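The values are calculated or read from the model by the stated rules, or taken from the named source; none is laboratory data. Given the structure is predicted, the values throughout are model-derived calculations rather than measurements. As a convention, Cβ positions derive from the backbone with ideal geometry for all residues, glycine included, and neighbour counts pool all protein chains shown.
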Protein chains: 2
Amino acid sequence: MAVQSVPSKTLLISAIFSLLVGFPSQANSDNVEKLTTASSNSNLAYEIVSSLTLEVGPRIAGSEGDKKAVAWAEAKFNELGFDKVYKQPVRVRNWSRGLSEAKILTPYSHNLVVSALGGSIATPEKGLQAEVVMVESLEALQQTPADDVAGKIVFINKKMERDKAGKGYGPVVVGRSQGAIEAARSNAVAVLIRSVGTDNSRFAHTGAMRYSPDVPKIPAGALSNSDADVLAAIIEQGNPVKLSLNMQAKEHGWQTSYNVIGEITGTEKPEEVVLIAAHLDSWDEGTGALDDGAGVGVVMAAAKLIKETMGSPKRTIRVVLYANEEFGLVGAKQYVKDNLDDLKNIIVAAESDFGAGKIYQFDTRFAEQALPFAKKVSTLLAPLGIEEGSNTATGGPDIYMLPSHGVPVVSLRQDGTEYFDYHHTANDTLDKIDLEAIRQNQTAYAIFAYMMANNDVDPRPAPELEPVQ
Amino acid sequence: MAVQSVPSKTLLISAIFSLLVGFPSQANSDNVEKLTTASSNSNLAYEIVSSLTLEVGPRIAGSEGDKKAVAWAEAKFNELGFDKVYKQPVRVRNWSRGLSEAKILTPYSHNLVVSALGGSIATPEKGLQAEVVMVESLEALQQTPADDVAGKIVFINKKMERDKAGKGYGPVVVGRSQGAIEAARSNAVAVLIRSVGTDNSRFAHTGAMRYSPDVPKIPAGALSNSDADVLAAIIEQGNPVKLSLNMQAKEHGWQTSYNVIGEITGTEKPEEVVLIAAHLDSWDEGTGALDDGAGVGVVMAAAKLIKETMGSPKRTIRVVLYANEEFGLVGAKQYVKDNLDDLKNIIVAAESDFGAGKIYQFDTRFAEQALPFAKKVSTLLAPLGIEEGSNTATGGPDIYMLPSHGVPVVSLRQDGTEYFDYHHTANDTLDKIDLEAIRQNQTAYAIFAYMMANNDVDPRPAPELEPVQ
C-alpha cells in the first residue's frame, strides 16, 4: 500500500471538519478541528524525544540510565499536567555489554565490528580463537552435521530484506534468538550472526537472545552487515578462516525498574480506559530515539494535546511507558499480572513502537458492533495519509497479550522502510527522526485517542488472538 | 548538471562506433568498439578493489597495511601483465590513532564517538577534562575573545553541505586542518570539530590536520555528526558543559613507503606517457574502498583492458599508485621531485580519487591546439552519460602540481553526492561500491587513455594553473 502524501494543514483541517459534520458522533467536530490544529502547530512529541535522548540517553533495563529514565518519565508526566502519575515496580535483569571485539586472524587480518547479543555470556577473559563455519540460516545450521560445527565459531549469514511493514524481520530474527542454542547442540564454541538490519554499514545490531537449559551456554554476537560481507567473501575463497572473539558481557543481577504511567482522568466514565503505550527502556549503544523514544514522545504528546485543547475527555486516557520491553516484554507481562482485574475496563489499547516513520494504515481488533465506529475513525485519519486496514490488528509488542484477555487493540501501522537501518544500533539517535513524520504520528494518536475517549462506543471483547508464546 | 542515464550496452557500442566512423582519428573505431564491449563485460575494477580491501584492508602510510598494499600492488600489476612494474621510495611519517574516547560529563552523561584527526598529538595518558566552548566556524573562532577560549575545549560546529561536485568540502575542511592552530592561539586545551561529512550517523570522519611552529600543539579530534548534534543541543540549553577527552595517538617515526608504478610500454613512442593515477594509501578505520581503492581498481583495470583488447598502444600508459596522499600528498610530491626531467614527456595525466560514483563530466587542461581533440574524446564519452566540460581541469589531488610544470591534465568528474557520507570513516568499505557505476568509470578511463595513447595529438603545454599552496 502506498503512503499518500499529506495535504497542507488548512486542507487537512477542513477535510476532517467536513467529515465530522457528516456523522452523528458524540465527539464534537469543533474539538477535533482544534485538536488537529493544535497538533499541527506543536513539536511536542519531538521535544519529548529530544529531552529523553539528551537528558537521559541510553537506558538498558536495570542500568543507571534506566533509573534516570524512570525519574525523567515521572517528572515529565507531572510537568505536562497529567492528573495521575504512578509507577508499578518490575523486577529486571541487568546485563551489560562490556568490551566486544572480533578479528579475522587468517588468511588476512581484519578487525570486525561486533556487538554482543543481549543476554550473551562472556567469552573467556582473554577471548577465544577458532575456525569459522558459515551457514546460510538457522535451518541450515540445524541440518549441518555436528562434526562440521564442533569446536568452531558458527557464522549465520542470513540477510534481512527491506520492507515497509518490517516483514523481513521475522524470518531472520530467529537466528538471533535461537542461534546460540542450535550452535551449542553441535558443540560450537560461539555463534556470530549477520546483523538483523537492512543497512549496509558498520553498525552491529544487537537484540535479545536465548539459552536453553539442555545445552551449554556459548557467547553470541552480531557482526555489522559490512563486516559480515567481508567475512563471507573471505570464507568463500575456500581457505580456512580463523577468528578471535573477545566479549566481556556481564550479568549484574536483579534490579527494580518501573512501568511509569500517566493518566488524564475521565470526566464521565473515569473507570473506562483508553490505553496508549510505548516502552521506556532502550538498548545501550544508541540513545533509543527511534526505539522507542519516538513512541514515548508520541503517546505522551497525544494525551497532553487532548487535555490542553479540549479539557479532560469522558473516559480516562492512560499512557503506559513499559519497562524492559527489549529483554522479554517484562514490564508488559508484569502489567497484565498486576492488573488482571482491571483489564476488563480497558476499552482499547495501542502501542507506538516502530520508529518515527509516518503512519499509513489503521488496523483494529474490535468486536463486531464497533466496526462502523472503526470505519469512522479511519475516515478521520484518512486526511493524514492513513488508509483503512483490517480488523486483525495485534497491537505493539507490549500489548500483544491483551486481546487474549478480551482487550481490543489497534495498530497505527508505520512506514518501517528505514527503521531497521538503525534498530538496536549505536546509530539510533535523535537525528534520525523527521519532525513532520513524528508530528503526523502525534496527530493520528491524538485523533484516535480523542475519538475513543469521547464516545460511548464499546469494542469489547476483542476477537480472539493466539496467546503469546 | 544532471547525470544522464546510461543506455544499454548495444546502443552504447553502436553510438561510439558511429561517432568514430565520422572523424579521421588514428584510433581505430573497431578497437574502441572492442574496448567498450570488453569493459562492459568486465568486473575487473571491482575485482581489484575487492582484492585490495579483503586481502590488505586499511593501509595508512607507513603501517604494516601500507607495506602489504605495496607488495599487493606490485604483485597485482605483474599478475595483470603490465610490461614494466617498479617502485619509487617515499619517506613517510607513520602515525597511529590509538584509543579515542570522548564523554560529556555534565550536565548529562553521554559517550561521544570521536576520532583523532590525522597527525594529532595525544592527550595526557589519563585524558583531559575541560569545559567546552562552541563556535560556528573557524572564522568565528578567530573572532572569539581569547579569554572565552583559554583553558577550554573548542568545538567547531560547522556543517558540510551535500553537493554533487563536493563543493561543500572546501569551506568546512579548513576547520579540520587549521582548527588546532587557531584554538591554540587562544590557549585552548584541545579542539573538536563536527565531522567533515554529509551523513547523519555516528561515524566520525578523520583527516589530516596541521600544527604551526608558533603555537603549542593541542589534541584535535572529530565528533560524528550525530554526536555533534547532541553536544550542540546540550550547549544550547545554556548550562556549562564539561567534557573528558582521551586520545592516545602516536608517532612512530619515519618509514619507507613507495609509489608503485605499472606501465604498458608504447610501441611507437614509448617515451611519451599517458599517466593515469590513484593513491594506494588509505585511512586506518575503514578499508579504503572508496578512498581510494575504487581509483586503484579503475586505473589498473582501464590499462589492462586496453592491452588485452587491442594490444599495446603507441604511447606508454603509466599507472601510478601514489603513496601517502592522505598525509600531505607526499608520494605525489616525491614523484615530481624524482622525475623532474621526465615530466615533459607526460602527454596527459588523470587521477581517479573521488569514490566510485558515475562520471558525469569531462574537463581538460589542454593547450589550444588540442581542444578539438578534447571535444572528440568528449563525444566518445557522451554515450556513457558524460558531458563535455571546460578547459579548466585541475586533475586530482596527486596531479594538481603537474600543470605548473606544463603537464596537461583532465578531470573525469564523478558524482560525489554520497561520497562524503563515507569519506575517511570506518564505514568506507566495499559494500558502498556500485558495480555498474565503477564499471562506467573503468570504461571511461579506458576510452580516454586509449584515445590519448593512440593518437599524435599533443596537448602540451598545459595552460597555467596556480601552483599548489
Practice problem: Return the residue satisfying two criteria in turn: it lies in region A:426-469 and is aliphatic (A, V, I, L, M), more than 14 Å from chain B (Cβ to nearest Cβ) and not in a helix (DSSP H, G or I), and of such residues it is surrounded by the most Cβ atoms within 10 Å (Cβ to Cβ). | Solution: A:A462
Quiz item: Would region B:17-36 turn up any residue that is modelled with pLDDT of 85 or more, surrounded by 17 or more Cβ atoms within 10 Å (Cβ to Cβ) and among the small types (G, A, S)?
Solution: no
Practice problem: Look through region B:324-348, keep the residues that are out of contact with any Pro (no Cβ under 9 Å at 6 or more places or on another chain) and hydrophobic (A, V, I, L, M, F, W, C), and return whichever of them is nearest to B:I306 (Cα to Cα). | Solution: B:L343
Practice problem: Might you check whether a residue that is under 19 Å from the mean Cα position of the chain (by Cα) and closer than 30 Å to A:I359 by Cβ occurs anywhere in region A:224-243? | Solution: no
Quiz prompt | Boolean, B:K344 is in a helix (DSSP H, G or I), over 16 Å from the mean Cα position of the chain (by Cα) and modelled with pLDDT of 95 or more | solution = yes
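With the condition kept exactly as written, say whether any residue in region A:333-341 is touching a His at 6+ places or on another chain (Cβ under 6 Å) and either on the phi < 0 side of the Ramachandran plot or buried (at least 24 other Cβ atoms within 10 Å of the Cβ) (or both).
No, because not a single residue in region A:333-341 is touching a His at 6+ places or on another chain (Cβ under 6 Å) and either on the phi < 0 side of the Ramachandran plot or buried (at least 24 other Cβ atoms within 10 Å of the Cβ) (or both).
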Practice problem: Go through B:L275, B:L290 for me and flag whichever is of a type outside the set (G, A, S) and within 14 Å of another protein chain (Cβ to nearest Cβ). | Solution: B:L290
Quiz prompt | Single residue of B:V85, B:V90 found to be more than 14 Å from chain A (Cβ to nearest Cβ) and closer than 12 Å to B:L280 by Cβ | solution = B:V90
Exercise. State yes or no: is B:D229 within 14 Å of another protein chain (Cβ to nearest Cβ) and without any contact (Cβ under 8 Å) to a residue 60 or more places away in the chain?
Key: yes
Exercise. Among the residues of region B:252-285, write down those that are among the hydrophobic types (A, V, I, L, M, F, W, C), surrounded by 24 or more Cβ atoms within 10 Å (Cβ to Cβ) and more than 22 Å from B:L80 (Cα to Cα).
Key: B:W283
Quiz item: If you check B:G238, B:G288, which single one turns out to be out of contact with any strand residue (DSSP E or B) (no Cβ under 6 Å at 6 or more places or on another chain), of a type outside the set (A, V, I, L, M, F, W, C) and surrounded by fewer than 24 Cβ atoms within 10 Å (Cβ to Cβ)?
Solution: B:G238
Exercise. Residue by residue through region B:101-129, note down the ones that are over 32 Å from the mean Cα position of the chain (by Cα) and within 14 Å of chain A (Cβ to nearest Cβ).
Key: B:I104, B:L105, B:T106, B:P107, B:Y108, B:S109, B:H110
Quiz item: Out of (1) surrounded by fewer than 24 Cβ atoms within 10 Å (Cβ to Cβ); (2) closer than 25 Å to B:R162 by Cα; (3) modelled with pLDDT of 95 or more; (4) not acidic (D, E), what's the single condition that is false for B:T394?
Solution: (3)
Practice problem: Go over the candidates B:Y211, B:Y169 one by one and state the one that is away from chain A (no Cβ under 14 Å), surrounded by fewer than 22 Cβ atoms within 10 Å (Cβ to Cβ), under 26 Å from the mean Cα position of the chain (by Cα) and closer than 30 Å to B:I359 by Cα. | Solution: B:Y169
Quiz item: Taking region A:387-422 on its own, how many of its residues are under 13 Å from the mean Cα position of the chain (by Cα) and within 14 Å of chain B (Cβ to nearest Cβ)?
Solution: 1
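For A:V154, state whether it is among the hydrophobic types (A, V, I, L, M, F, W, C), away from chain B (no Cβ under 14 Å) and under 28 Å from A:T429 (Cβ atoms). Please lay out each step first, then the result.
Working: among the hydrophobic types (A, V, I, L, M, F, W, C): yes; away from chain B (no Cβ under 14 Å): yes; under 28 Å from A:T429 (Cβ atoms): no.
Judged against the criteria, A:V154 is not a match.
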Quiz item: Is there any pair linking a residue in region B:317-337 that is outside the structural domain of B:V273 (by TED's automatic domain parsing) to one that is surrounded by 23 or more Cβ atoms within 10 Å (Cβ to Cβ) and β-branched (V, I, T), with Cβ under 9 Å and at least six apart or on different chains, and which?
Solution: none
Practice problem: Taking A:L192 as the residue in question, decide whether it is of a type outside the set (G, A, S), crowded, with 16+ Cβ neighbours inside 10 Å and over 14 Å from A:A220 (Cα atoms). | Solution: no
Practice problem: Check whether at least one residue in region B:173-188 is more than 22 Å from B:A146 (Cβ to Cβ) and within 14 Å of chain A (Cβ to nearest Cβ), and report yes or no. | Solution: no
Practice problem: Tell me which of these A:D199 doesn't satisfy, since it passes every other one: (1) within 14 Å of chain B (Cβ to nearest Cβ); (2) over 20 Å from the mean Cα position of the chain (by Cα); (3) in a loop (DSSP other than H, G, I, E, B). | Solution: (2)
Practice problem: Could you figure out which of (1) among the basic types (K, R); (2) within 19 Å of A:D227 (Cα to Cα); (3) not assigned by TED's automatic domain parsing to the domain that holds A:K242 isn't true of A:K103? | Solution: (3)
Quiz item: How many residues are within 21 Å of A:N427 (Cα to Cα) and surrounded by 18 or more Cβ atoms within 10 Å (Cβ to Cβ) when one looks only at region A:37-49?
Solution: 4
Self-check item: Single condition B:E308 does not satisfy, out of (1) surrounded by fewer than 24 Cβ atoms within 10 Å (Cβ to Cβ); (2) over 23 Å from B:E79 (Cα atoms)
Solution: (2)
Practice problem: Using the structure shown, decide if A:D227 is among the acidic types (D, E) and more than 30 Å from A:L402 (Cα to Cα). | Solution: yes
Quiz item: Checking A:P372 against (1) in contact (Cβ under 8 Å) with a residue 40 or more places away in the chain; (2) under 30 Å from A:T37 (Cα atoms), which single condition isn't satisfied?
Solution: (1)
Self-check item: Residue list for region A:126-145, restricted to those being touching a residue at least 60 places away in the same chain (Cβ under 8 Å) and part of a loop (DSSP other than H, G, I, E, B)
Solution: A:K126, A:G127
Quiz item: Restricting attention to region B:181-191, does a residue exist that is of a type in the set (K, R) and in contact with a strand residue (DSSP E or B) (Cβ under 8 Å, 6 or more places away or on another chain)?
Solution: no
Quiz item: Within region A:146-166, how many residues are among the small types (G, A, S), closer than 19 Å to A:N225 by Cα and surrounded by fewer than 16 Cβ atoms within 10 Å (Cβ to Cβ)?
Solution: 0
Exercise. Check B:D148 against each of (1) assigned to a helix (DSSP H, G or I); (2) within 28 Å of the chain's Cα centre (by Cα); (3) more than 20 Å from B:K103 (Cα to Cα) and name the one condition it does not meet.
Key: (2)
Quiz item: Using beta carbons and a limit of 9 Å, which pairs, at least six apart or on different chains, have the first residue in region B:161-190 and over 11 Å from B:R210 (Cβ atoms) and not assigned by TED's automatic domain parsing to the domain that holds B:G355 and the second one β-branched (V, I, T) and in a helix (DSSP H, G or I)?
Solution: B:E161/B:V172; B:A183/B:V149; B:R185/B:V149; B:S186/B:V149; B:N187/B:V149; B:A188/B:V149
